1. Stokes-Einstein D for the range A:93-236 at 20 °C, 1.002 mPa s, Kirkwood Rh over Cα pairs, in µm²/s?
2. Quantify how strongly other chains surround peptide B:87-95 by giving the mean number of their Cβ atoms within 10 Å of each of its Cβ atoms.
3. Rounded to the nearest angstrom and ordered from largest down, what semi-axes does the equivalent ellipsoid of the range A:1-141 get from its C-alpha gyration tensor (root of 5λ)?
4. Could you line up A:Arg95, B:Arg24 from fewest to most neighbouring Cβ atoms inside 10 Å?
5. In the calculated pair distance distribution of the range B:1-100, what percentage of Cα-Cα distances lie above 23 Å?
6. Where does the range B:78-152 land on the Kirkwood hydrodynamic radius, alpha-carbon pairs, in angstrom?
7. Between B:Phe41, B:Phe159, B:Phe25, which gets the highest mean-square fluctuation from a Gaussian network model of chain B, Cα cutoff 10 Å?
8. Restricting to DSSP H runs of at least four residues, report the calculated mean residue ellipticity at 222 nm for chain A, -39500 (n - 2.57) per run over all residues, nearest 500 deg cm²/dmol.
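Any read-out appearing in this document is the output of simple, stated calculations on the displayed coordinates, not a laboratory observation. For clarity, every value in this text was computed on a predicted model and none was experimentally measured. A quick note on method: Cβ atoms are made from the backbone with ideal geometry, for glycine too, and the neighbour counts reach across all protein chains shown.
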Amino acid sequence: MTLYREAIFKLMGDRGLLVEFGDDINPEINEKVRRMNLAIKEKSIDGVIETIPTYRSLLIVYNPLILPLDQLKKKIRNIEKTLQEIRLPEPRLIRIPVLYGGVYGPDLEFVAKFHKITPEEVIHLHCSRSYLIYMIGFIPGFPYMGELPEILNTPRLKTPRLTVPKGSVAIAQRQTGIYPIESPGGWQIIGRTPVELFDSYKEPPSLLQMGDMVQFYPITEIEFKDWIKKRNDESQRGI
Amino acid sequence: MMNHKEAFEVLEPGILTTIQDGGRFGYSQFGVPPSGALDYFSYRVANLLVNNLENEACLETMIMGLKLRSLGDFTIAITGADLTVLLNGEPINMWRTYLLKRGDTIFFKKLHTGCRAYISVSGGLAVPKIMGSYSTYLSGRFGGLEGRSLRRGDILYRFNRSYYLNSLYLKFPENWIPQFNKEVELRVILGPQDDHFTKDGLKTFLSSIYEVTPQSDRMGIRLRGPIIERRPEVEESIISEGLLPGAIQIPGDGNPIIILNEVVTGGYTKIASVIFVDLGKVAQVKPGDSIRFRAVSVEEAHLLLKEQEDCLNSFKMKSTNL
């Protein structure tokens, strides 16, 4: 793991400045991304249109007619010097119920065979620790979380699925994630959660946020169906 | 709806018609892409022509087939691709203001040049703002009209606002109207992962002709052409990072994808990005068109952007001084 002594600037076109803090998936590097993101939001710099925080970099979208590139770089360097003073919110721990295996987790058997363990052991390992949300990306509300225990390190599917059902809980390499909406996807699906992760009418729209911690726990099919029923009743009553 | 008036009945939705504005910003950290009009320049001019604020909701339609019936008297403008627009069966000019009467029909008969046209209405189309924007995000199924493209029988509303002047007729200067050709040169800024490719690979990228494939949508334009050589020692994928419209990804098979407005992060290497003023040209290519890339400096790109902004501002000045 390398945490750069000073962030590296790269250009993404004429409106994007990519600020890289390190070269790996690592909590320390990721924390710098979150600090920088928060600092820029709090300063509400004129000419910054959007920031896209990810594992190890922050993409700053700017309007060069309001904020020239060299000025933006200078501002970022100045913020970087005081990054440790930025107060990040306390990470929340969010517990996510998962119905593992069967039609809900079609790759659970494969993952177990791949590592020469039982499906129960895969479930136990997946629930054995809490995971840091490194970023939300790819599709609305999709959390990229890690690290899985080394023994669950599994490659992506050779051919991605055209549709992955909403709520699918999946793993790839040492990351785990949840598909909040139906989408194409190439991760190994081991279960499904009944929890609604994204609602475009809510503020914020995503239940999970970068920097939060997630702990999975197994539920039965009956509990899963109860949860879905309750969710549907609530949405009908407009809660 | 109190401040809304009926604008159109959709007689035929065409190939793909959506409601779009200037984009949805501030929600990338929740995985929400910008969406919005792909040809931002044409979109902005459409709004200016009907004296709207620049960020009002317009229709974006592609290739052919959209047919609308007016449900009131109001002004509209059509910009972007030339899709052979007929008003009550008669051809009309684009890039100018028209006063529609109740019962008038507008029909986009067939594609002539470009790919996407924009239809603005005075006051702007009235749909709820989702996360600060009217734009339709198709794969996320929200924004615009119920998160989807238009269907036959849809009724569209417009805001009944007092600041616009229905009587004002405007024309966008002829020499500023972009021309859309089947052979397009796109100016790019190299990076952020241009160092993942060999010298020969970069040369291939900057000297070859790439063809637009039918596998193109609001997420990206997929191209086909000479394979761009990678440096053997670097991995094909990178740690996922933020993306912007115009970023040119080179996935494992070596065929470039130009990222558009419905993508927020990705883990493929990006050899270069199309500069902002050329994104309109990207929005206007269609399957079979050919693309060449030319590298420019970021300073040059910013000057070009300034020029375009000056042009729009002088048009704004002129139109408000009439």
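1. 141
2. Partner-chain Cβ atoms within 10 Å, mean over residues of B:87-95: 0.
3. Details: eigenvalues 288, 50, 42 Å².
After scaling each eigenvalue by five and taking roots: 38, 16, 15 Å.
4. A:Arg95, B:Arg24
5. Result for the distance tail: 28 percent.
6. 14.1
7. Result for chain B, Cα springs under 10 Å: B:Phe25 fluctuates most.
8. Only helices count here, giving -8000 deg cm²/dmol.
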